[in-house]
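A quick write-up on the structure given underneath.
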Amino acid sequence: MKYIYGNWKENNTLKDVLSYIKQFKKQKLPKNIHFGIAVPYLYLQKMNQKLSKKCEIGVQNLSFSRNGEYTGEVSAQMLCDFGCSFSLVGHSERRQKFKETNEEINQKVLSALQNGIMPILCVGETKQEKDENKTKKVLKTQLTKCLKDVSSSKNFMVAYEPVWAIGTGVTPTKDEIEANVSYIKKVLEEDIKKIGVCVLYGGSVNPQNAVELLSGKSVDGALVGGASLNAVKFVDIGKKLAS
Ligand code: PGA
């Protein structure tokens, strides 16, 4: 089974969402490919009502707190009420543009897990960190800090997303992806004692490069930004992997 998760980011109007649903429903989905889409909060309910039989629907972020004086935040419990099954956590855009720390991300992971929402923890190095040969150190720090006090390995995933590959059209080679994903699995197993966690790759994945980029034996699937905004392209990634 390969996992293909989409991340719409801050895109799509209600009109776009309705036509996406129509397009998605027309597609014949490949076997052994699990699809999921992280949508803006406002579309969670509609997408769930219309697509949940074909595709898992989740969100892109959640609050670290249960409730209280946190204006503008949405808690895991609230998301549960609307059938949210997973949430991205610690995406690099949140780390960079909203200054999220590993400690806050850890609180978000724990909050998601307590409410039965599967966190997909995003980790990855910046261009500067890569150039300074710090990738492994960065990945290990992010993993150990963000997964502190997580008890089970069954209900979360990790997405390896090199920051420099997101939205740029520039990607690592398949060997670099395999090396970093297998390193993440090694850290998960040896340092964090979590066996069998699925690890995705994300960063400029599209129907043309998906088979090559995801061909490493440790890579369990993809987290797709730009190419997930078009239902045909998104499903096509799965079709290419399945064939
Ligand atoms: P991209 O985004 O596929 O547009 O590079 C990936 C992501 O941000 O998760």
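Computed quantities for the displayed model
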quantity	calculated
GNM flexibility winner over the chain from Met78, Met157, Met47 (Cα, springs under 10 Å)	Met78
Likely footprinting exposure, Val211, Val89, Val123, fewest C-beta neighbours within 10 Å first	Val211, Val123, Val89
Alpha-carbon Debye profile of the chain, log10 I(q)/I(0) at 0.13 Å⁻¹	-0.75
Under 5 Å, built H, 5+ apart or other chain: amide partners of Trp8	Ala38
Theoretical FRET efficiency, 1/(1+(r/R0)^6), r = Cβ-Cβ of Lys217 and Gln114, R0 30 Å, to 0.05	0.35
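Bear in mind that the values in this text are calculations on the coordinates, not laboratory data. Quick caveat, the model's predicted, so the values are computed rather than measured. Please note: Cβ atoms are built from the backbone with ideal geometry, for glycine as well, and neighbour counts cover all protein chains shown.
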